[in-house]
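> Before we start, here is the structure in question, set down as structure tokens.
The values are calculated or read from the model by the stated rules, or taken from the named source; none is laboratory data. Just so it is clear, the model here is predicted, and its values are computed rather than measured. Neighbour counts are summed over all protein chains in view; Cβ atoms, including those assigned to glycine, are modelled from backbone coordinates with ideal geometry.
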Amino acid sequence: GNSVTQMEGPVTLSEEAFLTINCTYTATGYPSLFWYVQYPGEGLQLLLKATKADDKGSNKGFEATYRKETTSFHLEKGSVQVSDSAVYFCALSDLGTPLVFGKGTRLSVIA
Amino acid sequence: GAGVSQSPSNKVTEKGKDVELRCDPISGHTALYWYRQSLGQGLEFLIYFQGNSAPDKSGLPSDRFSAERTGGSVSTLTIQRTQQEDSAVYLCASSLSSGQVNYGYTFGSGTRLTVV
């Protein structure tokens, strides 16, 4: 079946540090890939997405590139801020099926 | 409505009681999804609706769980004879349709269920 594996957290970084959160997937078809973010006390929000190989999704300074050869969709940001502290979820949907999520990675950014 | 609305936001219930959780999706969204978020377990898919039909109920953990959707709008998730392991945050999301997942889901803020 389809599954998503993302790096265990929590991740703690200083402000302006570089962020990478790894995400790999297993899918039977050709999935669309997503990153969702959950800020403290809020619901999940779509952060970015990519629907085909080599596509790069980007939003709010975050980027992720769909790598079919390595079945990966790693999330990166060049300079994190305290306001980026949240839980980040990698997800996939294959052939229009409901989103399958990873377990989430908690990021804490300290000033 | 402007967003996905879930009620109640918090529910504490005694073991063995039944609970109903409500989700009001964005107007015009035909697809509705229920997930469960437990500590350290990520988001676990429960069930989804396209219109009033539930094509995929595979995620419901046991026959104590059921869900319905009427009028293509509001959905209710019912848990009968609650157990302590049912304690979690229950999230509802909606999307334009189940075939248009690339537009993303809009999530509600969830119902935190605590079974004591």
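> Take the residues in segment B:34-59 that are at pLDDT below 95 and of a type in the set (Ser, Thr, Tyr), then tell me which one is farthest from B:Ser95 (Cα to Cα).
Only one residue fits best here, namely B:Ser38.
> So, restricting to strands (runs of 3 or more DSSP E) that lie completely within segment B:7-88, which ones have at least 1 residues that are at negative phi and in contact with a helix residue (DSSP H, G or I) (Cβ under 7 Å, 6 or more places away or on another chain)?
On the way: elements: B:10-13, B:19-24, B:31-38, B:42-50, B:53-56, B:65-69, B:75-79.
In segment B:7-88, the matching strands (runs of 3 or more DSSP E) lie at B:75-79.
> Across segment A:31-46, what is the total count of residues that are at the interface with another protein chain (Cβ under 8 Å from one of its Cβ atoms), in a loop (DSSP other than H, G, I, E, B) and modelled with pLDDT of 90 or more?
Of the residues in that region, 0 qualify.
> Would you check if B:Ala93 is closer than 26 Å to A:Cys23 by Cα and assigned to a strand (DSSP E or B)?
On the way: closer than 26 Å to A:Cys23 by Cα: yes; assigned to a strand (DSSP E or B): yes.
Judged against the criteria, B:Ala93 is a match.
> Also, quick follow-up: Enumerate the pairs (first residue in segment A:98-111 and within 24 Å of B:Tyr103 (Cβ to Cβ) and modelled with pLDDT under 95; second residue anywhere and of a type in the set (D, E, K, R) and assigned to a strand (DSSP E or B)) with beta-carbon separation below 8 Å, excluding pairs fewer than 6 apart on the same chain, so at least 6 apart or on different chains.
Filtered contacts from segment A:98-111: A:Pro98/B:Asp56.
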